[in-house]
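Visitor: Before I ask anything, let me first share the structure, which is written out below as C-alpha cells.
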Amino acid sequence: MTNVVEMQTKLDAYRAARDLRLEEQRKVDALKKQETVMQHEIITYLTDNAELNGLIGSTHKAIVKQSEVPVITDMSALQQFIIDNDAWDLVQSLRPSAPAIRDRWEDGVDIPGIGTVVDQKLSVTKL
C-alpha cells in the first residue's frame, strides 16, 4: 500500500516533470515557428519566380509541389450526399462539440444520441 509521504513525493516529481516538458515544448514551438517562416519564405520565392524549377543549397534541394485539396463549399449538400449514398467514409472525424451541447442542455434541449462520461483531471497549484 502506498502511503501519503510517497504520494506527496510523487506529486512534486509529477509537477517537476510537467514543468520540464512544458519548457521543452516552448523550445519546440519556437523552432516550429522559425521553420514555418522559412518554409513560407522559400515557397513564396519559388512561386514569385516561376521560371525557377527549384532551389539547390549545399546539402539540399527544394521544389514546390502542388496538389488539389478538397474543401467543403456546401455543407448541406455534402451531408445530404453522405446520407443518400451511405458514404460515411467521406467523414474523417465526427465528434460532438462539448460547448455547443452544454449550451443546448442549459436551454433545456435534449439531444438524441448524446450521453455523458465522467472525466477526471488533476489540478495542481504551486504552494
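The values are calculated or read from the model by the stated rules, or taken from the named source; none is laboratory data. This structure is a prediction, so every number in the text was calculated from the model and none was measured. Reconstructed Cβ throughout: ideal geometry from the backbone, glycine too, with neighbour counts over all protein chains shown.
Visitor: For the range 62-86, what are the residues that are assigned to a loop (DSSP other than H, G, I, E, B), closer than 30 Å to Ala50 by Cβ and at pLDDT 90 or above?
Guide: Of everything in the range 62-86, those that are assigned to a loop (DSSP other than H, G, I, E, B), closer than 30 Å to Ala50 by Cβ and at pLDDT 90 or above turn out to be Ile63, Val64, Lys65.
Visitor: Here is a further query. Limited to the range 47-73, what total is found for residues that are under 30 Å from Gln92 (Cβ atoms) and in contact with a strand residue (DSSP E or B) (Cβ under 9 Å, 6 or more places away or on another chain)?
Guide: 2
Visitor: Consider Thr2 carefully, then state whether it is of a type in the set (Val, Ile, Thr), modelled with pLDDT of 90 or more and either surrounded by 10 or more Cβ atoms within 10 Å (Cβ to Cβ) or closer than 30 Å to Val124 by Cβ (or both).
Guide: Details: of a type in the set (Val, Ile, Thr): yes; modelled with pLDDT of 90 or more: no; either surrounded by 10 or more Cβ atoms within 10 Å (Cβ to Cβ) or closer than 30 Å to Val124 by Cβ (or both): yes.
So Thr2 does not fit the description; no.
Visitor: Touching a residue at least 24 places away in the same chain (Cβ under 8 Å), part of a loop (DSSP other than H, G, I, E, B) and over 23 Å from the mean Cα position of the chain (by Cα) - does that describe any residue in the range 114-125?
Guide: yes
Residue-by-condition table, conditions (1) touching a Leu at 6+ places or on another chain (Cβ under 7 Å); (2) under 30 Å from Leu127 (Cβ atoms); (3) loosely packed, with under 10 Cβ neighbours inside 10 Å; (4) of a type in the set (D, E, K, R):
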| residue | (1), (2), (3), (4) |
| --- | --- |
| Thr9 | no, yes, no, no |
| Asp12 | no, yes, no, yes |
| Asp19 | no, yes, no, yes |
| Thr47 | no, no, no, no |
| Ala50 | no, no, yes, no |
| Thr59 | no, no, yes, no |
| Ile63 | no, no, no, no |
| Asp74 | no, no, yes, yes |
| Gln79 | no, no, no, no |
